[in-house]
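*Asks:* Structure provided below as structure tokens; questions to follow.
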Amino acid sequence: LPPNAESMTLYELQTYIEQRIGSQALNDAIDATVRRAADAGVTIAADQLATMGVGFDYTMVHTAARDWARAYSAELIRGVNDTTKAAVRESVARWYDNGEHLDALTRDLAPAFGKQRARLIASTETTRSAAEGTLRGYEASGVVTAMIWQTANDERVCPYCGSLHDKTVSLSGRFSDVLPPELQAKLGNRTFAVPPAHPGCRCRLGAQVIEVGDNNG
């Protein structure tokens, strides 16, 4: 916050803070995190399928994953910045209305810029990007018939992820569609095809492949 924050108008203070949101360093960090996680997802798919004697064109899949990462990181950056700006507007407006000391505004803004939120965003989006990279590996293999939801299988697993453990959907399907009806209702209009099911989700994908000796004739 600027040293003269208490003498600034509501608009001036909101504008001052918003102009400092979305630095190039932050944007670059988000882009790099998404790209690395998508690359890791392709590697995960390659390693999983290699144990089954299946390979795919890694270069082609890597390029597809990078294309997805490039588009998604731009979307994610906009979303993070827009959410932060909305939190700033709300906090500053509330501070003006309440007439509190500047320390109250500092405390109110802290969660929007704190390490806890940063860690949650990073872990959630790493999970998402890795899953998307893995999915692209499955699609390129030509032998994966479905993807399997796999949890960490411990006491921290939530009801949503626990109900999805070992469930399968097609490569074009959505795991949110196979949740129990009562959990689907709680999602409202939100859907998800791959992990994460929620912020901080630790789940991952497994592959269901064509069995050797399948006879389609």
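*Asks:* Excluding ligands, DNA and RNA, what is the solvent-accessible area per residue of the stretch 2-136 at a probe of 1.4 Å, expressed in Å²?
*Replies:* Numbers: 7570 Å² over 135 residues.
Accessible surface, normalised per residue, equals 56 Å².
*Asks:* Can you send over the carbon and sulfur percentage of the accessible area for the stretch 41-129, probe radius 1.4 Å, protein chains only?
*Replies:* Looking at the stretch 41-129 in its full context, I get 55 percent from C and S.
*Asks:* Any chance you could list P(r) for the stretch 1-153, counting all Cα-Cα pairs in 5 angstrom bins from zero, rounded to whole %?
*Replies:* Whole-percent P(r) values from 0 Å outward: 2, 9, 16, 16, 12, 11, 9, 7, 6, 5, 4, 2, 1, 0.
*Asks:* How big is the stretch 68-217 in terms of Cα radius of gyration and Dmax, in angstroms?
*Replies:* 20.1, 77
*Asks:* What residues of the stretch 122-149 lie in the reach of a label at Ala193, counting those whose backbone N is under 13 Å from a point 7 Å from the Cα along Cα→Cβ?
*Replies:* 129, 131-140, 147
*Asks:* Would you pull out the residues with amide H under 5 Å of Val209's amide H, same chain only if 5 or more places away, H placed 1.01 Å from N?
*Replies:* For Val209, whose amide H was placed from the backbone, the distant partners under 5 Å are Thr145.
*Asks:* OK, next. Pairs of Cα atoms under 8 Å, at least six residues apart: use those to get the relative contact order of the chain, whole percent.
*Replies:* Reported relative contact order: 24 percent.
*Asks:* How much of the accessible area of the stretch 137-206, in percent, comes from carbon and sulfur atoms when a 1.4 Å probe is used?
*Replies:* Here it works out to 48 percent.
*Asks:* Using a probe radius of 1.4 Å on heavy atoms only, what accessible surface per residue do you get for the stretch 169-209? Whole Å² is fine. Before the final figure, lay out each step's value.
*Replies:* Working: 2070 Å² over 41 residues.
Spelled out: the 1.4 Å probe surface of the stretch 169-209, per residue, equals 50 Å².
*Asks:* Also: Give me the distance between the Cα centres of the stretch 42-87 and the stretch 146-166, rounded to whole Å.
*Replies:* Taking the Cα centre of the stretch 146-166 as reference, the centre of the stretch 42-87 is 21 Å away.
*Asks:* Also: Take the alpha-carbon positions of the stretch 1-88, form their convex hull, and give its projected area averaged over all directions (one quarter of the hull surface) in nm².
*Replies:* Averaging across all directions leaves 7.2 nm² for the Cα convex hull.
*Asks:* Sticking with this one: Do the sum for the chain: with -39,500 (n - 2.57) for every DSSP H run of n ≥ 4, divided by all residues, what is the mean residue ellipticity at 222 nm, to the nearest 500 deg cm²/dmol?
*Replies:* -20000 deg cm²/dmol
*Asks:* Right, another one. If I model a spin label as a point 7 Å beyond the Cα along the Cα-Cβ vector, how far apart are those points for Asp47 and Ala29 in nm?
*Replies:* Spacing of the two 7 Å Cα→Cβ label points: 2.6 nm.
*Asks:* Another one. Using only the alpha carbons of the stretch 102-182, what is the convex hull's orientation-averaged projected area in square nanometres?
*Replies:* Working: hull surface 31.5 nm².
Computed as one quarter of the Cα hull surface, the answer is 7.9 nm².
*Asks:* Given an 8 Å cut-off on Cα distances and at least 6 residues of separation, report the relative contact order of the stretch 80-188 as a percent.
*Replies:* Taking the mean separation of contacting Cα pairs over the length of the stretch 80-188, I get 16 percent.
*Asks:* For the stretch 33-120, what relative contact order do you get, as a whole percent, if you take Cα pairs closer than 8 Å and at least 6 residues apart? Walk me through the numbers before you get to the answer.
*Replies:* Details: 33 pairs, mean separation 22.0, N = 88.
Once normalised by length, the contact order is 25 percent.
The values are calculated or read from the model by the stated rules, or taken from the named source; none is laboratory data. Since the model is a prediction, treat every value here as computed from it, not as a measurement. No Cβ is skipped: glycine too gets one built from the backbone with ideal geometry, and neighbour counts run over all protein chains shown. With ligands, DNA and RNA removed, areas are computed over all heavy atoms of the protein, side chains included. Shrake-Rupley method; radii C 1.70, N 1.55, O 1.52, S 1.80 Å.
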